[in-house]
Amino acid sequence: HTKKDLDGFRKLFHRFLQEKGPSVDWGKIQRPPEDSIQPYEKIKARGLPDNISSVLNKLVVVKLNGGLGTSMGCKGPKSLIGVRNENTFLDLTVQQIEHLNKTYNTDVPLVLMNSFNTDEDTKKILQKYSHCRVKIYTFNQSRYPRINKESLLPVAKDVSYSGENTEAWYPPGHGDIYASFYNSGLLDTLIGEGKEYIFVSNIDNLGATVDLYILNHLMNPPNGKRCEFVMEVTNKTRADVKGGTLTQYEGKLRLVEIAQVPKAHVDEFKSVSKFKIFNTNNLWISLAAVKRLQEQNAIDMEIIVNPKTLDGGLNVIQLETAVGAAIKSFENSLGINVPRSRFLPVKTTSDLLLVMSNLYSLNAGSLTMSEKREFPTVPLVKLGSSFTKVQDYLRRFESIPDMLELDHLTVSGDVTFGKNVSLKGTVIIIANHGDRIDIPPGAVLENKIVSGNLRILDH
């Protein structure tokens, strides 16, 4: 394993040393041709064939499970954080696939790409699904050495990764999926079982459920020519200006990330009018194509240089790649512009508040927007630093407020919410430094600004 990892790292590091300047020439970036990004409605309008079960039996669901819950103040894999009715991201994923397998009498397996950070904890948890109707496989992504920013030498002294060496290694981003999946032998196993496509998504994107219409479009293309790679994109809002976008570049569809954009063009890249869509990281990829390209060493992904500062203050860089960047290496690639509901990532406790609230209802592991909500979009929620960690966040809500009629919520400072609070319109709650605001049980706040100090005591 270590040898394969270091081989992969050496290739990436050599490329990093050779490539100078931005990886894209801004002058060559064009809008993608009309037919290269299809509206989801058009794909859905084709309906479903009678033999949808046999189509489903050729699918594998892959979840990217390498991330830790550190940004939300949790130890261990992010996928084990409870998001709804005690269910974790992993629970919801297994429920969704089990529901599919039972409904259509199929055998869609779940594959988790773990990192060395998440592997052990995830495997312990997997025992609880042994009675579910889902086969679960795991493989590990690579482990690469972090590089000292000044000397460009590895920080690690040897290949162990315990003790003081723990911080010397990192998982090199989800672009590593192609090599790791192939090296694990699992790719060949699944092809041997007759599987043809993988549906890849981030485990923290609760909108990334198996879509039968997209799958049918892949397996039964209208023009008879199969796509090897489909990227789900969705329309940008003001909140998504940093998301990677699909462009036409030297005759191929290409994913351009903000890190690759020359500084002079960053504002143009962020513009919602010129680049209207962004990548959700829900990807449908042909297994046979992955095998072919991996064997030809033909998967080309731009290097993302991610600077980090270790606990001791040492500046390091880690070289990463992104799974969607490989789109240009595949034949007949396609973007599908999907509804926003397929992009529901939980990156912060502000996102967590939305998915725990009555804005969504939970059915067989899938979250759908409540019919009682009159607007198609979700409210904009910004919780301050007192809410960053999951345990602090949970302590501050006696129950999750009613948010069906909420447009915008900003909370800052030491604020707690009693039971059965209802929030409507625009609500801003700001506790000044040293003050505390307790929103009383049953309170209805509609278009209100609450500031200063408010404490209601029982007598």
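The values are calculated or read from the model by the stated rules, or taken from the named source; none is laboratory data. This is a predicted model, so every value here is computed, not measured. A quick note on method: Cβ atoms are made from the backbone with ideal geometry, for glycine too, and the neighbour counts reach across all protein chains shown. For accessibility, only protein heavy atoms count, side chains too; no ligands or nucleic acids. Shrake-Rupley method; radii C 1.70, N 1.55, O 1.52, S 1.80 Å.
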Which FRET efficiency value, to the nearest 0.05, do you get for Lys263 and Glu41 by plugging their Cβ-Cβ distance into 1/(1 + (r/R0)^6) with R0 = 41 Å?
0.65
For the range 239-254, Karplus couplings with θ = phi - 60° (6.51, -1.76, 1.60), whole Hz, Gly/Pro x:
7, 10, 5, 8, x, x, 10, 8, 10, 9, 9, 6, x, 10, 5, 9
Determine the gain in length on full extension of the stretch Leu310-Arg31; use 0.36 nm per residue of separation and subtract their C-alpha separation, reporting nm with one decimal.
96.5 nm
Using +1 at the Cβ of each Lys and Arg and -1 at the Cβ of each Asp and Glu in the range 36-136, identify which of Pro49, Gly76, Asn65 lies farthest towards the dipole's positive end.
Pro49
Amide H of Ser422 versus every other amide H placed in the peptide plane: which residues, excluding those fewer than 5 positions away on the same chain, fall under 5 Å?
Asp402, Ala443, Val444, Leu445
Pull up the cross-link candidates among the aspartates and glutamates for Lys328, meaning alpha carbon to alpha carbon under 18 Å and not fewer than 8 places away within one chain.
Asp25, Glu34, Asp35, Asp176, Glu228, Glu232, Glu250, Glu257, Glu295, Asp300, Glu302, Glu320
The chain: relative contact order in percent, alpha carbon pairs under 8 Å with at least 6 residues between:
16
Per 20 angstrom bin, beginning at 0 and ending with the bin that holds the maximum distance, the Cα pairs of the chain fall in percents of 22, 55, 22, 1
Which shape class, rounded, prolate or oblate, goes with the range 171-228 when its Cα gyration tensor gives a ≥ b ≥ c as root eigenvalues, a/c under 1.5 marks rounded, and past that a/b bigger than b/c marks prolate?
oblate
Among Lys382/Lys424; Lys128/Lys389; Lys270/Lys308; Lys28/Lys274; Lys75/Lys242; Lys28/Lys252, the pairs whose Cα-Cα distance exceeds 18 Å are Lys128/Lys389; Lys270/Lys308; Lys75/Lys242
So what does Ser329 come to for accessible area, using a 1.4 Å probe and Å² rounded to 10?
20
Candidate span helices, the chain: DSSP H, at least 20 Å along axis from Cα coords, Kyte-Doolittle average at least -0.5, result 89-104
Per residue, what accessible area does the range 386-459 have, given a 1.4 Å probe and all protein chains present, in Å²?
55
Gln296/Val450 FRET efficiency (R0 56 Å; Cβ-Cβ; nearest 0.05):
0.35
In whole Hz, what ³J(HN,Hα) sequence does the range 24-29 give by Karplus (6.51, -1.76, 1.60; θ = phi - 60°), x for Gly and Pro?
10, 8, 4, x, 8, 6
Would you give the gap between the C-alpha center of the range 96-172 and the C-alpha center of the range 1-20, rounded to a whole Å?
20
Leaving ligands and nucleic acids out of the surface, order Thr2, Thr209, Thr368 by accessible area at 1.4 Å, largest first.
Thr368, Thr2, Thr209
Spin-label pair Val241/Asn363, simplified geometry with 7 Å Cα→Cβ offset, distance in nm
3.7
Nearest 0.05, what FRET efficiency do Asn223 and Phe16 give at R0 = 35 Å with Cβ-Cβ as r?
0.30
Which of rounded, prolate or oblate describes the range 169-320 when judged by the alpha-carbon gyration tensor and an a/c cut-off of 1.5?
oblate
Charges at C-beta only: +1 for Lys and Arg, -1 for Asp and Glu. How large is the resulting dipole of the range 165-310 about its Cα centre, in Debye rounded to 20?
500
With n ≥ 4 as the cut-off for DSSP H runs, can you work out [θ] at 222 nm for the chain, using -39500 (n - 2.57) per run divided by the number of residues, rounded to the nearest 500?
-6000 deg cm²/dmol
A 1.4 Å probe over the protein heavy atoms gives the chain a carbon and sulfur accessible-area percentage of 50
Extension reserve of the Ala288-Ile430 stretch, reckoned as 0.36 nm per residue once the Cα distance is removed:
45.6 nm
